[in-house]
Amino acid sequence: MASSRLTKGGLIDRDQSISFQYNGKTYIGFAGDTLASAMLANDIHIVGRSFKRHRPRGLISLGLEEPNAIVTLSTGSKTLPNRIASEVELLNGLDAKSTRGWPSSKFDIFRALDWVPRAVAAGFYYKTFMGHIRRPKFDTWNSIWEPLIRRMAGQSPAPVSSDTATYQHTDVHVDVAVIGAGLAGLAAALCALNSGKKVAIFERDSLPGGRVHSLPGCTIDGETAENWAASTWGKLEEKGIARLRATGFGLYDHGFLTVFEKSATKVDGGRIWHVRAKKIVIATGALERPMVFPGNDLPGVMLSGAVETAINRFAILPGKKAVLYGNHEDLNNVRTALKTAGAEVVAEVQIDETITGTFGSGRLKMVEISKLGTDGLPERKKSRRISADLVVTSGGWSPMLHLYLMAGGQQTWSPEVGAFIATTSEKGTVKLIGAANARFTARDALKDGATLEDNNFSFGDVTGNNGPIGQGLPIAPILQTDKQRAFVDFQHDVTVADIELAAREGFRSIEHTKRYTTSGMGTDQGRTAQLATAAALATATQQNIQEIGLSGVRPPLTPVPFGAFAGRRVGRLFQPERHTSIHARHLALGAVFEDVGDWKRPRYYPKPGETMAEAVARECRSVRTDVGMLDVSTLGKIDVAGPDAAEFLNRLYTNRIDTIKPGKCRYGIMLKDDGMVFDDGVVARIDEDRFLVTTTSGGAAAVLAWMEDWRQTEWPDLRVRLTSLTEQWAGIAVAGPNARSVIKNLIPKVDLSSSSLPNLGWQETVLFDQPARIFRVSFSGELGFEIYVHWQNGSKLWDAIKEAGAAPYGTEAMHVLRAEMGFIVVGHETDGTVTPVDLGMDWILSKTKGDFIGKRALKRPSMLESNRKQLVGLVPTDPSVVLDEGAQIIEHPRPRSPEPMIGHVTSSYWSETLSSGFALALVKDGFRRQEEKLFAWSLGKIHEVEVRPPIFIETKKN
Amino acid sequence: MLIIPCPHCGPRPETEFVYGGEAHIQRPDVAADDYTWANRLFLRDNVKGWTRERWRHDPGCGRWFNLCRNTATNEVGQSYIMGAPKPPFPNQKI
Ligand SMILES: [Zn+2]
């Protein structure tokens, strides 16, 4: 048995030993241990190295405020970064590594930094590296400094494999949600339960009861407090929701609480609770604050509460010769605990004394205590040195207000309590109780919880150890001579000297000082650092601590794995895919898919051995010389019906819709009211009071929402109804000179000749015994039809057309073909800053309509300027070049610095028909630049291009 | 996360709603001047405190309505259907 472990007592099971690894060595702990307590029991004193100066650090607490014992856990090939050792339950086979220190926490080559502390003083990063970033040629930042600092700083490395653990999300609605199952929380939950309320209680520890396990001897109604806590918990579990290992990490508007519950049996996995409660009760207790003195970070300096917990809960004696140092007089409990466990209290620092140094290499050996002079400064001449292996410090206790502050609560300095406390214990539906509400004794905490509901709930008498926890005085950082080694933030290595330096450099606000010095910015969110930082800044700027205040808090309160937020929405469940009814056919043809909105659309269909370019060229050739077929089921389809349907659409589209005759359709474009292109598609008139509108595949939902907005809010007088039909119809486009002959036999009842079905006409027919529609539309410049059938007949239609001789083509060929004709695609040629005029589409703006959405905005002065970016075609001088989409257009072959960027490539492809690359681009004043030579820059490469009209192939007469 | 009272469906979580910006902005006549149109298109009051805004109960009843909300505290007040007169803000301090 390890030497620090006591032979009896504690809440550990000595019959159940647990083997674990720390930094590659095997150790033994017991059931009931945390990783931190097991480390302490095994005399692991150095648990990490400090952030900047790489000083050895030990455990100062045994709770969630622990700043030093940050570990990476491994399970299989997976790592879990930045875990607080005191929050990790000991499990068999646990594999932990210290995250700080390189190559190991015991031997650290960056320790040299500590010899010159000024090298890493406040603002060190800003001051040292600003210049480097501005001189990219001498970019030592990326090549040297950043990798080095990352290695030095020693946060856990990011995991390299994906998190395969299962995380759940559970939503609950309750009357009362209690966070924290200390005495106050238990009393409040029981009180609410007795009032017939639906209750949920969450406790981050693996045991209910809070501090009762650290401070034994308290009895409640004749029962030990430990038993009272356990039996109360049992009642809550039976009649409500009661979860251990569950930390409330965020409190949001309207009583919305988020809780992360760890797995009880594994190091990974867990559950996020989304709790909506009519009343939120915060019973999160209080956190103890360390004292600030030179060498207060040496392993062997511990908080008094942690020492009590070590002895009483984990049966560990952290030191044999203890020095007590607090700024209040409530060290009785820890003194008793130490003496009972067999330790000697070798000194108690008196009110007119301070510690001026700690000595020892990686473990405390000696403490120097000095008298304070009349000027408040320690006089080291009047000092005594005492051999000791433990300094027990307590700078008082701060109510844990994090969740209360997240809910919008305010805090204020209380000289009586010696801490920042809540301005009111109730804020809307949020209530603070117990130590979080500055009710520090067992009796006060119970009473505070038991009066939650007005039901005369009583917990009986509280006798014995009433467990007062120390009410401290503000930790005025005692005027020190050695401020360089008096730490306020252990995790980020911030000293009193750093805070003073920041103050000298003009930082007065706590929020600015925090960011400049990085005090309180670690993974522990500065739980042990906040007050000391504020006190040091108050002293340095001669303000009082109330004026300084504490820095803000944000969720999550403690690190929560990303996997927990993702829950089950990972892998295929991350975002549902939409498949058309023809999807299986595309798969069978070996299609390569692309994402269009949530849809999977075939991009091209490679034959064996074919490259993408070859496949796309072949597919384009089919359409231009024979006939191709494309699945267009994904196009958005909206049924617009009602007596005012024509008027409604007339207001939304830029062109006339009311003049479309039944049996005809028209290409239309919609603008936002600022005049910018929003969506385009074909509008077909079904009959007098019914239209079918098609939208882009990705824009269907947005277009429907847009239409609903106008229908409901601006024009409620119009009698019109909107229905999404996107998934009711499957559609296939058939395009190419032989399109008509291929589908002729399929649709015997429709005369497909131009006289019967002219361009932009449509007819209804029956296919596969159900209604079908044939549209004469083309997005390629070739003779084209779109055939729509009932969704369930999509594959039958596909098979029939393919059988008849059409060759499948994908969206990539579709893009090439449309770009050759200069047809725009919303989202390629438009980006929310492009008007129809910029696209050269003035013809689509009705001159006979009084108003339409976007009409007036097109007349605003900035819309009329001549140097707007306008749509042009580009052909590279070297025909083999295919420009990058997004390439910047410039005027000079050798760009100056800064070279004005006059435009960018919006679409670019290889044209099989032209035997050349070609592109569409938006270029400033583009309409007037025809035949000009410009240059396209992309990733350092420059290509000469010629400006052309944005149409590359002559329109055919079909 | 807010709880928003849909005038048609009752209180529902915020995730069921789509935000639609400041309410009661009139669309000017097409003949109105540039200044009036610029105001309508681009300028919003961006109030700190009680304000009226548009929301749509998207996967619920699908309807647009107006809601009183305090942008500083996230308290919500009355919701009311499109076209209804503006209700007063709750008598609460900002
Ligand atoms: Zn609704």
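The values are calculated or read from the model by the stated rules, or taken from the named source; none is laboratory data. The shown structure was predicted, so the numbers you read here are calculated from the model rather than taken from an experiment. Neighbour counts are summed over all protein chains in view; Cβ atoms, including those assigned to glycine, are modelled from backbone coordinates with ideal geometry. The protein model used for the area step is the full one, side chains on, heavy atoms only, and it has no ligands, DNA or RNA in it. Shrake-Rupley method; radii C 1.70, N 1.55, O 1.52, S 1.80 Å.
Residues in segment A:211-229 that are charged (D, E, K, R) and either part of a strand (DSSP E or B) or not assigned by TED's automatic domain parsing to the domain that holds residue A:186 (or both): A:223 only. One residue stands out in segment B:45-59 among those that are away from chain A (no Cβ under 14 Å) and assigned to a strand (DSSP E or B): the one that is nearest to the ligand (Cβ to nearest atom), namely B:51.
So, in segment A:655-692, of the ones that are over 18 Å from residue A:731 (Cβ atoms) and acidic (Asp, Glu), which residue ends up least open to solvent (accessible area, probe 1.4 Å)? My answer is A:673.
Remark: pairs (first residue in segment A:652-681, within 14 Å of chain B (Cβ to nearest Cβ); second residue assigned to a loop (DSSP other than H, G, I, E, B) and among the polar types (S, T, N, Q); Cβ separation under 8 Å; 6+ apart in sequence or on different chains) = A:654/A:846; A:671/A:654; A:671/A:835; A:675/A:835; A:676/A:830; A:676/A:833; A:676/A:835. Against the definition (away from the ligand (no atom under 16 Å from the Cβ) and either under 30 Å from residue A:410 (Cβ atoms) or modelled with pLDDT under 95 (or both)), how does residue B:94 come out, yes or no? Answer is yes for this residue. Output yes when any residue across segment A:596-606 is within 35 Å of the chain's Cα centre (by Cα), at pLDDT below 95 and open to solvent by 50 Å² or more (accessible area, probe 1.4 Å), and no when none is. Yes, there is a match, as at least one residue in segment A:596-606 is within 35 Å of the chain's Cα centre (by Cα), at pLDDT below 95 and open to solvent by 50 Å² or more (accessible area, probe 1.4 Å).
Taking segment B:35-47 as the range and being modelled with pLDDT of 95 or more and charged (D, E, K, R) as the test, no residue passes. One residue stands out among those in segment B:76-94 that are outside any loop (DSSP other than H, G, I, E, B) and more than 12 Å from chain A (Cβ to nearest Cβ): the one that is surrounded by the most Cβ atoms within 10 Å (Cβ to Cβ), which is B:79. Residue B:18 meets all of the listed conditions (1) at negative phi; (2) more than 10 Å from every other protein chain (Cβ to nearest Cβ); (3) open to solvent by 40 Å² or more (accessible area, probe 1.4 Å) but one, namely (2). Under the condition of being buried (at least 18 other Cβ atoms within 10 Å of the Cβ) and either within 16 Å of the ligand (Cβ to nearest atom) or assigned to a loop (DSSP other than H, G, I, E, B) (or both), which residue from segment B:60-75 is farthest from the other protein chains (Cβ to nearest Cβ)? The selected residue is B:67. Candidates are the residues of segment A:571-588 that are free of Cβ contacts under 8 Å to residues at least 60 places away in the same chain and in a loop (DSSP other than H, G, I, E, B); the one that is farthest from residue A:258 (Cα to Cα) is A:579. Residue B:10 fulfils the conditions (1) within 16 Å of the ligand (Cβ to nearest atom); (2) open to solvent by 40 Å² or more (accessible area, probe 1.4 Å); (3) modelled with pLDDT of 95 or more except for a single criterion, (2).
Among the residues of segment B:25-34, those identified as open to solvent by 30 Å² or more (accessible area, probe 1.4 Å) and either assigned to a loop (DSSP other than H, G, I, E, B) or more than 10 Å from chain A (Cβ to nearest Cβ) (or both) are B:25, B:26, B:27, B:29, B:30, B:31, B:33. Could you tell me whether any residue of segment A:275-290 is over 30 Å from the mean Cα position of the chain (by Cα), crowded, with 24+ Cβ neighbours inside 10 Å and assigned to a loop (DSSP other than H, G, I, E, B)? Checking segment A:275-290: at least one residue is over 30 Å from the mean Cα position of the chain (by Cα), crowded, with 24+ Cβ neighbours inside 10 Å and assigned to a loop (DSSP other than H, G, I, E, B). Do we have any residue at all in segment A:221-243 that's within 14 Å of chain B (Cβ to nearest Cβ) and farther than 25 Å from residue A:312 by Cα? Looking through segment A:221-243, none of the residues is within 14 Å of chain B (Cβ to nearest Cβ) and farther than 25 Å from residue A:312 by Cα. Filtering A:200, A:188, A:192, A:158 for residues that are at pLDDT below 95 and among the hydrophobic types (A, V, I, L, M, F, W, C) leaves a single hit, A:158.
Out of A:3, A:19, one residue alone is part of a loop (DSSP other than H, G, I, E, B) and among the hydroxyl-bearing types (Ser, Thr, Tyr). It is A:3.
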